[in-house]
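Below: one structure, written as structure tokens.
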Amino acid sequence: MAINCMVLQNFGQGLKELFRKIAGMPVVDENAIESIIKEMQRLLLQSDVDVLLVSQLSKEIRQKMLESKLPAGISMRDYFTKTLYSEIVGLLGREKAVIELKRQKILLVGLFGSGKTTTAGKLAGWFRAKGLSAALVACDTFRPAAKEQLRQIGQKINVHVYADGKTPAEIAKKAIEASKEDILIFDSAGRDALDQDLAKELKELAMQIEADEILLVLPADMGQVARKQAGEFRKLVNITGIIVTKLDGTAKGGAALAAAAVTGSAVKFIGLGEHIGDFELFEPERFVGRLIGYGDIKRLLEKAKEAGIEEGKAEKMLEGNLTMNDFLDQLEAMQKMGSLQKITEMIPGFSNVKLPAGYLDVQEEKMKKWKYVIQSMTKGERENPEIIRAGRIARISKGSGASQQDVRELLKNYKQTQKLLGMAKGKKALKRGPLASLAKQFGINMG
Ligand SMILES: Nc1nc2c(ncn2[C@@H]2O[C@H](COP(=O)(O)OP(=O)(O)OP(=O)(O)O)[C@@H](O)[C@H]2O)c(=O)[nH]1
Ligand SMILES: [Mg+2]
């Protein structure tokens, strides 16, 4: 569950609450600001953010709010909200991650079990979605099953896995010589701690590969230790960025990101689950925006693109203009995009909607059946399934070879989805309240 998971339950809920309070305060004066700062401190400390960072942040907010003049043309409330927002974004990373879409070699390093191998697959999938070809290189010769694990991942996403050779450096060399792919992603071995063996192996490997990016993979649950570890790895190889994995599994994800942000290398990607698609470029502003719960249409559209749906269609889907003809297309597309729950979490005003478990998690077999059912409908029925009553169900069932139960199930799913999309339309409610002017300031398009 992407952004609705524990991190976000605690850290995200807390943040959301904070902003809600500001919006609802009768007056935004010194006392009010002070009380919000106190609450923010509590929230950050609870999430394990470094005490010094928290006090520095508070100081900056106080300075902006209480010691300098209010800029013209903005209310105290809006200014405070904006200040708090940008300071928290800054805490998680000042800049948007940059990853060049060019032919390159990427080495993943990190301690035992941090998520390197899984991330290698995710990264390959990510580049492929950007139109580049990718392959994996199995440079972990330490753990016996490592090559096989990578092979399976490669098979699943249909990318080639180079694994020929004895030592990591030899495997890397052969892969580089043999490969034609744009992106080569090198998986490396993990250890319990940064010991001498690992150090030596990594140095050799890095020298052999001459990687464009060396990304340090850090699990979110390591919190503040991140800084120290990044420092140790940096002594060995030239770390160009960080990937924080397992953000879905810890309530302290805010701390992990904050900790990673002070390591001196930018967080470039985040891992949000065990599946290939649970992975994205880290954009602090967007991330916080989503935590606070404005959702993010832009990201949704991007995801849609990755899954091969044109933007127009995704927009149409959000508007709730759903014909039966679209429904099947979209079912298929949604399956590519990840669970519908995740998608809805990105839609403004929608992040709190909980779907029934397994909703629209339609099996391939059923999809096939539903296709026949839809083909057996008349044009009118497909465009306006509301008109399908008992008699027509029987006819459609006969025509398609599916049971009446199947037809009903399809109709039920269609209706649920239609209703859901209708709710997205209802995000108009958000256009009015105090959140609206806020969203505008953050450049979030609520329309
Ligand atoms: N929940 C969650 N699990 C993850 C994520 N990334 C990886 N994992 C899981 O973490 C475990 C370890 O992942 P690996 O990719 O094998 O880690 P590794 O760093 O390659 O491990 P070694 O090669 O043994 O050092 C696996 O069970 C993964 O499914 C993530 O973002 N979220
Ligand atoms: Mg591994």
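The values are calculated or read from the model by the stated rules, or taken from the named source; none is laboratory data. Because the structure is a prediction, the values reported are computed rather than measured. Ideal geometry is used to build each Cβ from the backbone, glycine not excepted, and the neighbour counts take in all protein chains shown.
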Next item on the list: Mind telling me which of the residues D221, D212 ends up being in contact (Cβ under 8 Å) with a residue 12 or more places away in the chain and either within 16 Å of ligand 2 (Cβ to nearest atom) or closer than 25 Å to G273 by Cβ (or both)?
Entry: D221
Check: For the range 59-81, how many residues meet the condition of being under 30 Å from the mean Cα position of the chain (by Cα), over 15 Å from K21 (Cβ atoms) and touching a residue at least 24 places away in the same chain (Cβ under 8 Å)?
Finding: 1
Check: So, of the residues in the range 128-143 that are outside any loop (DSSP other than H, G, I, E, B) and within 13 Å of ligand 1 (Cβ to nearest atom), which turns out to be surrounded by the most Cβ atoms within 10 Å (Cβ to Cβ)?
Finding: C139
Notebook entry, point to check: Within the range 77-92, which residues are more than 30 Å from I242 (Cα to Cα) and at pLDDT below 85?
Noted result: R77, D78, Y79
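Yes/no per residue for (1) at pLDDT below 90; (2) β-branched (V, I, T); (3) not in a loop (DSSP other than H, G, I, E, B):
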residue	(1), (2), (3)
M1	yes, no, no
V7	yes, yes, yes
G12	yes, no, yes
L15	yes, no, yes
R20	yes, no, yes
A23	yes, no, yes
P26	yes, no, no
I33	no, yes, yes
E39	no, no, yes
Check: Counting just the residues of the range 169-187 that are in contact (Cβ under 8 Å) with a residue 40 or more places away in the chain and not in a loop (DSSP other than H, G, I, E, B), which one comes out surrounded by the fewest Cβ atoms within 10 Å (Cβ to Cβ)?
Finding: I176
Notebook entry, point to check: If you go through the range 83-105 one residue at a time, do you hit one that is farther than 27 Å from R286 by Cβ, surrounded by fewer than 21 Cβ atoms within 10 Å (Cβ to Cβ), hydrophobic (A, V, I, L, M, F, W, C) and more than 16 Å from ligand 2 (Cβ to nearest atom)?
Noted result: no
Note to self: Suppose we filter D140, D187, D182 for residues that are touching a Cys at 6+ places or on another chain (Cβ under 8 Å) and either closer than 20 Å to L101 by Cα or within 11 Å of ligand 2 (Cβ to nearest atom) (or both); which single one remains?
What the structure shows: D187
